[in-house]
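*Asks:* Please see the structure below; I have some questions.
The values are calculated or read from the model by the stated rules, or taken from the named source; none is laboratory data. Computed from a predicted model, the values in this text were never measured in an experiment. Neighbour counts are summed over all protein chains in view; Cβ atoms, including those assigned to glycine, are modelled from backbone coordinates with ideal geometry.
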Amino acid sequence: MTYPHELHPSDEQLSAYQDDELDAAAHRRLGAHLAACPRCTARIADFAALSADFALLPPESPGVDLAGVIEGRLTAAPGRPRTTPRAPGWYGLLPLGIGAAASLALGIALGVALPTGGAALHRPVALTVFDPFPPGSLCAGRDACYARGALSSGVMR
Amino acid sequence: MDDADEALALRARSGEREAFASLVRRHQDRVFGFLLRMLGNREDAMDLTQDAFLKAWNALPGWRPEARFTTWLFQIARNAALDLLRRRGSLQFVSLDDPPQQGDAQDPRDAGPLPEERLADRQRIDLLQRALAALPAGYREILLLRELENMSYTEIAATLGIQEGTVKSRLARARAAVLDNYRHHAGRSPDDLSA
Ligand SMILES: [Zn+2]
């Protein structure tokens, strides 16, 4: 018997088979089961039809070149290294601006002091407080909180 | 692996705005499409697409080339989407990964064929969009990442911050939930489907 604890492979196995995400041995074993089982073959066909439905969805686009919009918003706001304080609003953001300026100065100083360093050394020290997690990852129950734990345990590649 | 993204991201990380603009142009449609389908309206999707790229710019110093840029970008976008859904009060607190209850429902494989042959493409799209809108956000996002973004289980795990085993089980449940939704609507007339 190929699946001793159950007569048929689980949805999970069938779904992973459909995605070609089973290891070679499991894929072969399931393929052999499918060849003899109309019931599981029908389930796989449903999964395949669902994928085909996704392929029918029309491509979406914002319809504008967001790079230009974002460039404008970046120019209007401070906050990244090597962005010269051209925008008039920059000075209005004190004391944040003071911190940024101090960081920038320190970063430049470090860059000068360590000319053989990589690009990372030229970054203002203040920016190293950025954690590697993307912003906006507030917790709201288990499904929103798992990102931090999993990432810090090395899931990220 | 798209090395061009990583090369651009490295340049953007060191402050090159032109490189970042290229990244925006390369990915704005994908991020917008993902957010549109997560949120259900273009205005929110447009706002959050911009926000996601601005957050990406600000967070780029923390990005490491070991992390694929698109995976990292989609982490930012999905976090923004979940935050908005939470603020709207439309984030459902349901268990996505617990095993189904024993005897909960009929085995779907015994439920009879889906009406796919009878439905035109337009109806199938309507049916899918209706099903997606009805799903918990956690199922919706994993389906979008797999079916539209063609992410591998490893990439989905990194994007969602979950184990690959959880990707496998959650994706199967998400698919089963859409198929259940299809069956639920299959008894209705085609007019109802497009209503
Ligand atoms: Zn079977």
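*Asks:* Taking the range B:123-157 only, how many residues are at pLDDT below 95 and either acidic (Asp, Glu) or within 15 Å of B:Ala67 (Cα to Cα) (or both)?
*Replies:* 1
*Asks:* Also, quick follow-up: Tally the residues that are aliphatic (A, V, I, L, M) and free of Cβ contacts under 8 Å to residues at least 60 places away in the same chain, restricting the search to the range B:147-173.
*Replies:* Looking only at that region, the number is 6.
*Asks:* Quick one: A:Phe54 ticks every box in (1) touching a Phe, Trp or Tyr at 6+ places or on another chain (Cβ under 8 Å); (2) closer than 27 Å to B:Leu119 by Cβ bar one, so which box is it?
*Replies:* So A:Phe54 meets the others, but not (1).
*Asks:* Scan the range B:51-67 for residues that are within 7 Å of chain A (Cβ to nearest Cβ) and either buried (at least 24 other Cβ atoms within 10 Å of the Cβ) or within 21 Å of A:Ala67 (Cβ to Cβ) (or both) and jot them down.
*Replies:* B:Phe53, B:Leu54, B:Lys55, B:Trp57, B:Asn58, B:Ala59, B:Pro61
*Asks:* Please work out if A:Arg43 is among the basic types (Lys, Arg) and more than 9 Å from every other protein chain (Cβ to nearest Cβ).
*Replies:* no
*Asks:* If you take just the helices (runs of 4 or more DSSP H) that sit entirely in the range A:1-78, which of them hold at least 3 residues that are away from the ligand (no atom under 16 Å from the Cβ)?
*Replies:* A:38-56, A:66-75
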